[in-house]
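The values are calculated or read from the model by the stated rules, or taken from the named source; none is laboratory data. On a predicted model such as this, the values are computed, not experimentally measured, just so you know. In this analysis, Cβ positions are derived from the backbone assuming ideal geometry, glycine residues included, and neighbour counts consider all displayed protein chains.
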Amino acid sequence: MLSRRSLAAGLALLPGLAAAQAQPWPGRPLRHIIPFAPGAATDMLSRLMAEQIGQAIGQPVVAENRTGANGAIAAELVARGPKDGTLLTGTFSTHASNPHIHVRTPYDPVADFQPITLVATAPQLLVAPPAAGITDVAGLRAAAAARPGVITAGSGGLGSSQHLSAVMFERAANVRFEIVHYTRGFAQLLPDLLENRVNLTFGDPLALLPMVREGRLRPLAVTSEQRSHLLPEVPTMVELGLPEATALTWYGLFVAAGTDPAIVERLAAAAQAAIAKPEVATRIRELGATPVGNSPAEFGAFQRAEFARWGEVIRSAGIRVE
């Protein structure tokens, strides 16, 4: 039996407990899971957004790199984790291509996530070394058509953005390359490209820009619908009559599916407001990307369209990893 004194003490605690339970979100710091290594574009954009969102919601947003399996480890962590607003930077790899390429991807890129906003997009830049003798896309198409499977395209690995952009170009231009995969990624490919041991590649414009400026690589086209602000003189695939060769790398924010809609709304508002700031948009452009900042519904529609589009490309090319 409780004494009257104990009962009174317990009742006195109830308002405090109720206040604690009703504490508005977020009551503590949030996590922001980044699927790739520190220093990469994904990491820098993610940390920029974590800082901005933290300022807006009044709690720190702690960036945490969880690398491995081309982003799948980070994506699974968020999909299976608490529905407390933990953020994931999802990318073209994690949410458009991986699940079609890898048989055992441990998450559903649509059903397991709630979109927040598309932060930014970036094109791939098609380049060739001067020694390849390829001066423009028309010349590349003519050479590739005359010698099917002879011109080599370097790829940072099976299913990488370089690989899939090359496949998309082949389909659009009705040509065939010999695609050479470098198992240790783009850094391994670059020396062979500069020495013309491979004849072309698609890559991050920001990373390739110094070599373009030095004349060590020749830019042929960008894969976006609009010209890149980094290389405004370089034509787009659309301008060159190859609209089906457009392809974007993209970076967006997700939380786990089933997260409280009020949390989703708060995070989306914070992210959109951040991207709209001139200083944040300028920093995104400095990283070679174009800021977006759309609604959760708009981002969801974009992600589903990307997932469907790349699924068709990957299946038709027979790209599959057991």
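A compact table of results
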quantity: When residues of the stretch 226-235 are limited to those that are under 20 Å from the mean Cα position of the chain (by Cα) and of a type outside the set (A, V, I, L, M), the one surrounded by the most Cβ atoms within 10 Å (Cβ to Cβ); calculated: S228
quantity: Test: T135 is over 28 Å from the mean Cα position of the chain (by Cα) and hydroxyl-bearing (S, T, Y); calculated: yes
quantity: The stretch 165-189 residues that are on the phi > 0 side of the Ramachandran plot, paired with ones that are not charged (D, E, K, R) (beta carbon under 9 Å, 6 or more apart); calculated: N174/A145; G185/G156; G185/G157; G185/S160
quantity: The stretch 278-309: number of residues that are of a type in the set (D, E) and either modelled with pLDDT under 95 or loosely packed, with under 14 Cβ neighbours inside 10 Å (or both); calculated: 2
quantity: Checklist (1) at pLDDT 95 or above; (2) crowded, with 17+ Cβ neighbours inside 10 Å applied to R80, failing item; calculated: (2)
quantity: 2 or more residues among the acidic types (D, E): qualifying helices (runs of 4 or more DSSP H) within the stretch 257-322; calculated: 278-286, 296-317
quantity: Filter result for the condition that a residue is under 30 Å from I284 (Cβ atoms) and buried (at least 23 other Cβ atoms within 10 Å of the Cβ), over A153, A187, A144, A207; calculated: A153
quantity: T223 vs. criteria surrounded by 17 or more Cβ atoms within 10 Å (Cβ to Cβ), assigned by TED's automatic domain parsing to the domain that holds I116, within 29 Å of I101 (Cα to Cα) and not hydrophobic (A, V, I, L, M, F, W, C); calculated: no
quantity: Yes/no for D108 being without any contact (Cβ under 8 Å) to a residue 60 or more places away in the chain and assigned to a loop (DSSP other than H, G, I, E, B); calculated: yes
quantity: Residue selected from the stretch 121-136 under the condition crowded, with 21+ Cβ neighbours inside 10 Å and hydrophobic (A, V, I, L, M, F, W, C), by the criterion farthest from A269 (Cα to Cα); calculated: I134
quantity: Filter pass, E265 being acidic (D, E), out of contact with any strand residue (DSSP E or B) (no Cβ under 6 Å at 6 or more places or on another chain) and exposed (fewer than 14 other Cβ atoms within 10 Å of the Cβ); calculated: yes
quantity: A96, sole failed condition from (1) assigned to a helix (DSSP H, G or I); (2) of a type in the set (G, A, S); (3) farther than 27 Å from D260 by Cβ; calculated: (3)
quantity: The stretch 89-120, subset within 21 Å of P38 (Cβ to Cβ) and of a type in the set (S, T, Y), residue surrounded by the most Cβ atoms within 10 Å (Cβ to Cβ); calculated: T94
quantity: Among (1) over 30 Å from R80 (Cα atoms); (2) crowded, with 21+ Cβ neighbours inside 10 Å; (3) out of contact with any Pro (no Cβ under 7 Å at 6 or more places or on another chain), the one test that V238 misses; calculated: (2)
quantity: Of residues in the stretch 49-77 being farther than 25 Å from G185 by Cα and among the aliphatic types (A, V, I, L, M), the one surrounded by the most Cβ atoms within 10 Å (Cβ to Cβ); calculated: M49
quantity: Those residues of the stretch 167-179 which are surrounded by fewer than 18 Cβ atoms within 10 Å (Cβ to Cβ) and within 16 Å of D192 (Cα to Cα), in sequence order; calculated: E178
quantity: Filter result for G215 (assigned by TED's automatic domain parsing to the domain that holds R304 and exposed (fewer than 15 other Cβ atoms within 10 Å of the Cβ)); calculated: no
